[in-house]
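Read through the structure below, which is laid out as structure tokens, and then see the notes.
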Amino acid sequence: MTNTAPPTADAQPAPGADDVAASAHRIAKVYGRGDAQVIALDAVTVDIPRGRFTAVMGPSGSGKSTLMHCMAGLDSVDSGEVYIGGTDLTKLKDKQLTRLRRDKVGFVFQAFNLVPTLTALENITLPMDIAGRKPDREWLDRVVDTVGLRPRLSHRPTELSGGQQQRVACARALASRPEIIFADEPTGNLDSRSGAEVLTFLRDSVTEMGQTIVMVTHDPNAAAYADQVLFLTDGRIVDTMQRPTAERVLERMKGFELPGAMAR
Ligand SMILES: Nc1ncnc2c1ncn2[C@@H]1O[C@H](COP(=O)(O)OP(=O)(O)OP(=O)(O)O)[C@@H](O)[C@H]1O
């Protein structure tokens with residue numbers, strides 16, 4: 001996306017285009033029925049630019065996690081298409097989807113999800129070990145150096161701080177050079193200093209290694225590390241912001257919480 005205008009319903013994504021790592025085209029997701037029905041995503045169309053850091057923000061219940069899960073192939077959509085690297089996820093069978101997720105997508109969650117009995121290095125290479133793939137040594141070295149954990153590689157998770165554990169989780173996501181990394185509140189469990197460490201690492205992996213990252217966050221300070229912010233309200237992308245600052249993001253978020261703000 002190149003401007004700050006909200007995308008229109010007619011906006012066409014460019015599936016598989018070189019500069020687009022992932023895209024959604026008019027995806028809808030509805031939970032429940034009748035009175036209990038919730039439209040979590042309402043015909044969302046969006047392109048995720050390759051080699052950029054995109055933050056997704058919005059009030060609680062606006063559909064951020066649902067959007068992330070649908071775009072990452074962790075949840076199905078009711079209608080519309082989702083593309084990762086030119087492949088339409090909605091056309092894949094379960095096995096193909098599992099393989100695509102394993103080979104092309106990295107995940108970082110609020111809970112670090114490290115295996116307590118394994119060292120930091122073993123945790124980083126675990127997904128590749130399970131997939132029977134040999135890590136690219138040069139790339140792994142670069143990831144380990146960027147993550148700044150070389151002296152801690154033989155430590156187990158309990159011997160690491162929360163920030164260090166999350167950096168291990170980020171390195172694990174990066175190690176297989178995925179097409180795209182989805183991060184859901186990666187700093188939600190961290191104090192502000194550790195959070196800043198993790199965000200700096202994510203930022204560096206985009207700037208220095210060309211990684212594509214989509215991050216759901218509630219925190220304007222975290223969003224300020226991104227290249228662009230998508231704002232969701234009531235299951236729709238209502239605005240985007242390029243080169244965000246924490247102050248501008250906070251101002252925009254305040255606007256969404258005012259009654260009638262959507263009509264402006
Ligand atoms: N499994 C589910 N069953 C029923 N409703 C759901 C389910 N998952 C999400 N929802 C509803 O869909 C809407 C969007 O939820 P979602 O978790 O995507 O929002 P969010 O913006 O990530 O919220 P938060 O910031 O609080 O995590 C909410 O109204 C939520 O209650």
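In the stretch 57-123, which trypsin sites (Lys or Arg not before Pro) fall in coil by DSSP and have 16 or fewer other Cβ atoms within 10 Å? Sites meeting the loop and neighbour criteria: LYS93. The string of couplings for the stretch 120-135 from the Karplus curve (6.51, -1.76, 1.60, θ = phi - 60°) is 4, 4, 5, 5, 5, 8, 3, x, 6, 4, 5, 6, x, 10, 7, x Hz, one whole number per residue in order, with x for Gly and Pro. For the pair GLU159 and ARG142 in one chain, pulling the backbone fully straight at 0.36 nm per residue adds 3.8 nm over the alpha carbon distance.
A cut-off of 5 Å between modelled amide H atoms, ignoring neighbours fewer than 5 places along the same chain, links ASN113 with no other residue.
Please name which of THR212, ILE130, GLY188 has its Cα lying farthest along the dipole of the chain towards the positive end, using unit charges on Cβ (Lys, Arg +1; Asp, Glu -1) and the Cα centre as origin. Checked the options; the winner is ILE130. By the rule of a C-alpha distance below 16 Å, with chain neighbours fewer than 8 residues away ignored, the lysines paired with LYS95 are LYS104. When each of ASP19, ASP129 is scored by the number of other beta-carbon atoms lying within 10 Å, the sequence from fewest to most is ASP19, ASP129. Scalar couplings 3J(HN,Hα) for the stretch 136-149, obtained by applying the Karplus form with A = 6.51, B = -1.76, C = 1.60 to θ = phi - 60°, are 6, 4, 4, 5, 4, 4, 5, 4, 4, 5, 5, 6, x, 10 Hz; x denotes Gly and Pro.
Here's how it looks for THR212: its modeled amide H is under 5 Å from those of GLY51, ILE181, which are all 5 or more places away or on a different chain. Listed by chain and number, the aspartates and glutamates whose C-alpha is less than 18 Å from the C-alpha of LYS91, apart from same-chain residues fewer than 8 away, are ASP75, ASP78, GLU81, ASP103.
Karplus-derived 3J(HN,Hα) values for the stretch 62-69, using 6.51 cos²θ - 1.76 cosθ + 1.60 with θ = phi - 60°, are 7, x, 4, 5, 4, 4, 4, 5 Hz; glycine and proline are entered as x.
Across ALA22, ALA171, ALA111, mean-square fluctuation computed from a Gaussian network of the chain (C-alpha pairs under 10 Å connected) peaks at ALA111.
Rank these for me by crowding, CYS70, CYS170, going from fewest to most other beta carbons within 10 Å. Could you put the intermediate results ahead of the total?
Details: CYS70 25, CYS170 29.
Result, fewest neighbours first: CYS70, CYS170.
At 10 °C and a viscosity of 1.306 mPa s, what translational diffusion coefficient does Stokes-Einstein give for the chain, taking Rh as the Kirkwood radius over Cα pairs? Give it in µm²/s as a whole number.
Numbers: Rh = 18.9 Å.
Roughly 84 µm²/s, to the nearest whole number.
The H on the amide N of THR233, modeled in the peptide plane, is under 5 Å from the matching H of VAL238, each at least 5 residues off or on a different chain. For the stretch 62-106, the residues whose backbone nitrogen is under 19 Å from a point 7 Å from the Cα of TYR31, taken along Cα to Cβ, are 62-79.
Bear in mind that the values in this text are calculations on the coordinates, not laboratory data. Keep in mind the model is a prediction, meaning the values are calculated, not measured. Quick reminder, even Gly has a Cβ in these numbers, built from the backbone with ideal geometry, and neighbours come from all protein chains shown.
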